[in-house]
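Data first, discussion second: the structure below is written as structure tokens.
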Amino acid sequence: MTDPRSLRHLFCCITALLLAGCAAAPAAPARTDVSQLLSLQKTRLDVAAPVARSKWNSHAPIDDPAREQAILDDVAVRAQKLGLDAQWARRFFQDQFDAGKIVQRDLHRQWKLEQRPPFANPPDLAQEVRPVLDRLTPELLSALARLNGHWCDPAVAGSLDELAPQILGADYAPSVQEKATQALRCLR
């Protein structure tokens, strides 16, 4: 016959081990976390067309290295506060800039071939477009923080592979999708 105190002790030990195991293994992000990130990326890419219209009218260059540098410096500081690697966050955001510039360059190429006249009422970059981008930056960082450390989890990688074409593919070419998701891919 087993001593009830021994059984109670064994039960407590097993329970403690199970609880410790649950606490030590953070839950893998849900498919919805990947979907939310990609949706935010799409929203950011959707801003590329209005930016292209504004720059078409003003003949401003597509590249704006000074603005990009200021945003990347801010991203690095914010990323560290969220526990993200600052250099990786900078790379992710540079990829977003580059994906948007692919869209802008493609549009400018098309408009040049069409000999497109200036647009009526193009958006004001400072008043209409940049506030949208400025709002998206912390939202993207928060979404990245939820997925931090899980890029190589099979569920996350699978969700990224499956959802990127669905969320980004309807509106953006494969080259844009690849650039926008490049930093999110697990290096195997």
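Solvent-accessible area per residue for the range 116-172 at a 1.4 Å probe radius, Å²?
Result: 51 Å² per residue.
I'd like the distance separating the alpha-carbon centroids of the range 142-188 and the range 56-110, in whole Å.
18 Å
How would you classify the range 61-188 from its alpha-carbon gyration tensor, with a ≥ b ≥ c the square roots of the eigenvalues: rounded for a/c under 1.5, else prolate if a/b is greater than b/c, otherwise oblate?
Oblate is the answer for the range 61-188, as a/c is 1.5 or above yet b/c matches or exceeds a/b.
The values are calculated or read from the model by the stated rules, or taken from the named source; none is laboratory data. Just so we're clear, the structure is a prediction, and the values are computed from it rather than from any experiment. Ligands, DNA and RNA are excluded from the accessible area calculation, which covers all protein heavy atoms including side chains. Shrake-Rupley method; radii C 1.70, N 1.55, O 1.52, S 1.80 Å.
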